[in-house]
Structures are given as structure tokens and as C-alpha cells.
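Have a look at the structure below, then the notes.
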Amino acid sequence: MEIIFATSNRHKLSEAKGIIETEVLLITPADLGITESIPEDAPTLEENALFKARYLWEKTGRNVFADDTGLEVEALNGAPGVMSARYASEECDAGKNMQKLLKELKGISNRKARFRTVVALILNGETHLFEGIVKGTILEDLSGTGGFGYDPLFLPDGYTKTLAEISYEEKNLISHRGIAMRKLSEFLKSIK
Ligand code: ITT
């Protein structure tokens with residue numbers, strides 16, 4: 001079975017392939033010549049993920065899933081949350097986003113945060129949602145060059161290395177996306 005992963009983020013795609021590709025072949029909108037950016041301006045991760053998936057379902061009639069992810073920082077009342085990609089500016093620049101986060105948290109001792117991923121699947125016209133959460137702490141400085149986005153600042157609970165200092169396989173084992181994608185993978189296996 002083929003399924004569209006509604007993303008233009010190559011990091012997300014390779015993380016998802018490590019988990020899902022044994023069940024189904026993942027294809028992207030770009031593989032189908034669809035290059036327009038799909039709006040992500042709803043107030044929740046759930047609505048954004050559903051919108052992306054529905055947009056491609058309506059356009060192609062194919063089975064599709066989308067992931068929307070946010071970094072939710074306790075002391076910032078859940079920000080940047082749904083605004084994680086465009087926290088510092090419309091450019092979606094990870095370096096600038098991390099600098100803004102460090103500035104907002106300057107002098108604040110509560111550094112608790114979590115990544116939350118919501119995956120919306122549309123399979124044969126029916127909608128299913130899967131969630132994954134990893135809890136951790138925002139460091140005072142960047143550490144590591146792996147991963148993407150806010151990974152160099154995020155220390156998962158129980159770990160001494162950030163998500164940018166561990167291998168991609170290890171990140172998949174503990175991460176928000178890994179958890180949500182395994183739920184999706186199990187679901188796809190169960191209906192085969
Ligand atoms: P698509 O919508 O095309 O899938 P995107 O990069 O816009 O890609 P999201 O809106 O889901 O993806 O993600 C919002 C931002 O959250 C993303 O740009 C990163 O800065 C950050 N992010 C998402 N997943 C992350 C992860 O696993 N580690 C670190 N940061 C992450």
C-alpha cells in the first residue's frame with residue numbers, strides 16, 4: 001500500500017520512514033508534483049494536521065497522513081506551541097527560533113517543556129488521530145548538531161544528551177514523532 005505523508009520537511013520524512021516504511025510505501029506531495037504550501041494557521045495542532053491531510057485527500061483521493069508538531073513550554077503558557085515553525089519570523093529559521101526562545105526564558109528557572117505531535121490520518125475517507133508527547137527541559141545553550149528545529153535545546157527527561165546529540169534511531173525511540181508514528185504504524189498493521 002502507498003500512503004502520502006503530507007510534509008515538505010525532509011527531517012520528518014526520514015524519521016517517519018524509519019518507523020512506517022515496513023508497513024506502507026511513503027510518498028510525499030512533491031513526489032506527485034504538488035508543491036504549493038498548505039496553510040497552517042489554525043489555533044491547534046489537531047486542526048492543522050487535519051487540514052493538511054484533508055487538503056491532500058481532496059486533491060488526490062489517496063490515503064494520506066499529516067503531522068503537526070509544537071514545542072510547548074510550561075513557563076510560557078504553552079508557547080511557542082502551534083507557532084513553533086514561525087516563532088521568531090515568517091522565515092521558519094530554526095536558529096532564530098531558538099534564540100528567541102532563549103531570550104523569552106532568560107532568568108526563568110522553570111525550564112519544563114514538551115514536544116507534542118499530532119498525526120491525522122485519512123484512510124479510505126475515514127479520519128484517525130494519533131498523539132505523541134516527550135517531556136524534557138530547555139537548556140541555557142545549544143548542544144549538538146543532529147536532528148532539526150529546537151532539538152539542540154531540548155533535553156529529554158532521564159537523558160544527559162539533547163535530541164540533537166543522540167542518533168536518529170535513538171530519537172525515534174523516545175520522541176513525540178516516534179511515539180505518534182508507532183501508533184499510526186500499529187494501526188495500519190491492525191487493519192491489513
Ligand atoms: P510540514 O508542515 O511540511 O510537515 P514543518 O516544518 O512546517 O513541516 P511543523 O509545523 O509540524 O512542521 O513543525 C513546527 C516546527 O516545530 C518545525 O519547523 C520545527 O521548528 C519544530 N519541530 C517539529 N518537530 C520537531 C522535532 O522533532 N524536533 C525539534 N523541533 C521540531
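Bear in mind these aren't lab numbers, they're just calculated from the coordinates by the rules spelled out. Note that this is a predicted model, so its numbers are computed, not measured. Here the Cβ positions follow ideal geometry from the backbone for every residue, glycine too, while neighbour counts run over all protein chains shown.
Calculated mean residue ellipticity, 222 nm, the chain: -9500 deg cm²/dmol, from DSSP H runs (n ≥ 4) at -39500 (n - 2.57) each, averaged per residue and rounded to 500.
I'd like the distance separating the alpha-carbon centroids of region 153-189 and region 22-56, in whole Å. Result: 21 Å between the Cα centres.
Dipole of region 55-151 computed with +1 at Lys/Arg Cβ and -1 at Asp/Glu Cβ about the Cα centre; of ASN97, ALA85, GLY147, farthest Cα towards the positive end is ASN97. The magnitude of the dipole of region 95-166, with charges of +1 and -1 set on the Cβ of Lys/Arg and Asp/Glu and taken from the Cα centre, is near 300 debye.
Once both labels are positioned 7 Å from their Cα atoms along Cα-to-Cβ, the gap between GLU58 and GLU2 label points is 2.3 nm.
When the Cα positions of ALA66, SER37, LEU56 are compared along the charge dipole of region 27-69, LEU56 comes out farthest toward the positive end, with charges on each C-beta of Lys, Arg, Asp and Glu. Taking each residue as 0.36 nm, the span from ASP157 to ARG111 lengthens on full extension beyond its C-alpha to C-alpha distance by 15.4 nm. Charging the Cβ of each Asp and Glu at -1 and of each Lys and Arg at +1, and nothing else, the dipole of the chain about its Cα centre rounds to 260 debye.
Filter LYS112/LYS135; LYS112/LYS161; LYS17/LYS171; LYS103/LYS171; LYS96/LYS161; LYS12/LYS171 down to the pairs with a C-alpha to C-alpha distance above 18 Å, please. In this structure, LYS103/LYS171; LYS96/LYS161 exceed 18 Å between Cα atoms.
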